[in-house]
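Student: I have a structure I would like to understand better, so I am pasting it below and will then ask my questions one at a time.
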């Protein structure tokens, strides 16, 4: 067996003990557990790129606002399921200032992270029209969103957008949505895992085809404003975060606080529903809810049943962050720009050692440096590469579990400390020597 930086016997044993038949197909959390077990037994620190979690301190004004809310005893009080007024006001302002969209406050709803927002959207939309329960994923994408639909027992279909950029996207969407079975479509922008970013024209195409077939566009903005090739962080001034919502009145935006504000642990996100969709009346909703109005069914039916609201103090924390961002006293981009710098360095370390960047272009321009990048190595499938890298003290996830048809691996830069770059380079040099 080749000499590797991490003890071969320990890695092999932990993989076997996991009971997972193909370790490259493990879920993100399963892989996290295995790597943590190997670290504990060997004492070796991994270059951990499997988990998309913030690597920066949380926005301090949020923490301070939560402390004040606790001092007022709000932890003992059930929150308003529609959201506390202070947060709804700042959500409305944020959407106007950074996406140039006007939405009523009633359409701005806090959720227990964007994960809950997506789950609630799927659940309610899937009950809106009898006979239409499918969601279309524009992949690659976040694997757990498909798991949510499996849990709900709802159908879905997917396609990898890699070969369908630009005007090609229109015909591809037509081929799916014209069947009449889809009630919604979802994509992330910037994309997890590929970090591609749809152009304004592509977002318009998505909206136009969705409008044609009465399909709700669910836009996952988990990485809001983090296409660092442009600065979307100045309140009320162009350029604004690109969105299909400029071209459709049938949308749900899932805006995360986890990455842009490093507030992942508090599980508080924003679900913004278009006013038109909020007021849509569908008699079929009465099969499951007391109201046939979508917004009422979503809030007082689905969200009430799932969690009875979002944590009280976390809402005040997010409200304080948004107020600072909206007022221009806190520029979130300045904080997270570090991810782009790390990605640039890490990509070069990989390519210097025989690896290739998989999603390397956004149409005809180089992909942005950001929270994620993708790579492969000649002769390896993505699943096999994930397993092999474990012996070299490097953890990441296979593109195969994201819906991508490309062979390769997704790397997240957030938890990799710059002090680990020498270790990363040393381990990749060893990998390349052993496999060239």
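Student: Out of the strands (runs of 3 or more DSSP E) lying entirely within the stretch 78-167, which hold 3 or more residues that are under 20 Å from residue 250 (Cα atoms)?
Tutor: Details: elements: 108-111, 134-139, 156-160.
The strands (runs of 3 or more DSSP E) meeting that bar are 108-111, 134-139.
Student: While we're here: Exactly one condition in (1) touching a residue at least 24 places away in the same chain (Cβ under 8 Å); (2) surrounded by fewer than 19 Cβ atoms within 10 Å (Cβ to Cβ) is false for residue 163; which is it?
Tutor: (1)
Student: Let me ask something else about it. Within the stretch 182-195, can one find any residue that is on the phi < 0 side of the Ramachandran plot and part of a helix (DSSP H, G or I)? If you could, list the steps in order and put the result at the bottom.
Tutor: Here is the first cut: in the stretch 182-195, the ones on the phi < 0 side of the Ramachandran plot are 182-194.
Add one more test, that the residue is part of a helix (DSSP H, G or I), and what stays is none.
There is no residue in the stretch 182-195 that is on the phi < 0 side of the Ramachandran plot and part of a helix (DSSP H, G or I).
Student: Is it fair to say residue 278 is at pLDDT 95 or above, touching a helix residue (DSSP H, G or I) at 6+ places or on another chain (Cβ under 7 Å) and at negative phi?
Tutor: Details: at pLDDT 95 or above: yes; touching a helix residue (DSSP H, G or I) at 6+ places or on another chain (Cβ under 7 Å): yes; at negative phi: yes.
Yes; evaluated as a whole, the condition is true for this residue.
Student: If you go through the stretch 95-102 one residue at a time, do you hit one that is closer than 23 Å to residue 214 by Cα and out of contact with any strand residue (DSSP E or B) (no Cβ under 9 Å at 6 or more places or on another chain)?
Tutor: Yes.
Student: Follow-up. Is it the case that residue 50 is under 30 Å from residue 299 (Cβ atoms) and surrounded by 13 or more Cβ atoms within 10 Å (Cβ to Cβ)?
Tutor: On the way: under 30 Å from residue 299 (Cβ atoms): no; surrounded by 13 or more Cβ atoms within 10 Å (Cβ to Cβ): yes.
Here the answer is no, as residue 50 does not meet what is asked.
This table checks each residue for (1) closer than 19 Å to residue 227 by Cα; (2) surrounded by fewer than 16 Cβ atoms within 10 Å (Cβ to Cβ).
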site	(1), (2)
354	no, yes
365	yes, yes
370	yes, no
380	no, no
384	no, no
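Student: Residues that are under 17 Å from residue 268 (Cβ atoms) and touching a helix residue (DSSP H, G or I) at 6+ places or on another chain (Cβ under 9 Å): does the stretch 141-160 have at least one?
Tutor: So the first thing to find is which residues in the stretch 141-160 are under 17 Å from residue 268 (Cβ atoms), and the list is none.
There is no residue in the stretch 141-160 that is under 17 Å from residue 268 (Cβ atoms) and touching a helix residue (DSSP H, G or I) at 6+ places or on another chain (Cβ under 9 Å).
Student: Here's a follow-up. Check residue 294 against each of (1) in the same structural domain as residue 248 (by TED's automatic domain parsing); (2) at pLDDT 95 or above; (3) under 24 Å from the mean Cα position of the chain (by Cα) and name the one condition it does not meet.
Tutor: Exception for residue 294: condition (3).
The values are calculated or read from the model by the stated rules, or taken from the named source; none is laboratory data. Here the structure is a predicted model, which is why all the values come from computation and not from measurement. Note that we place each Cβ from the backbone using ideal geometry, even for glycine, and neighbour counts take in every protein chain shown.
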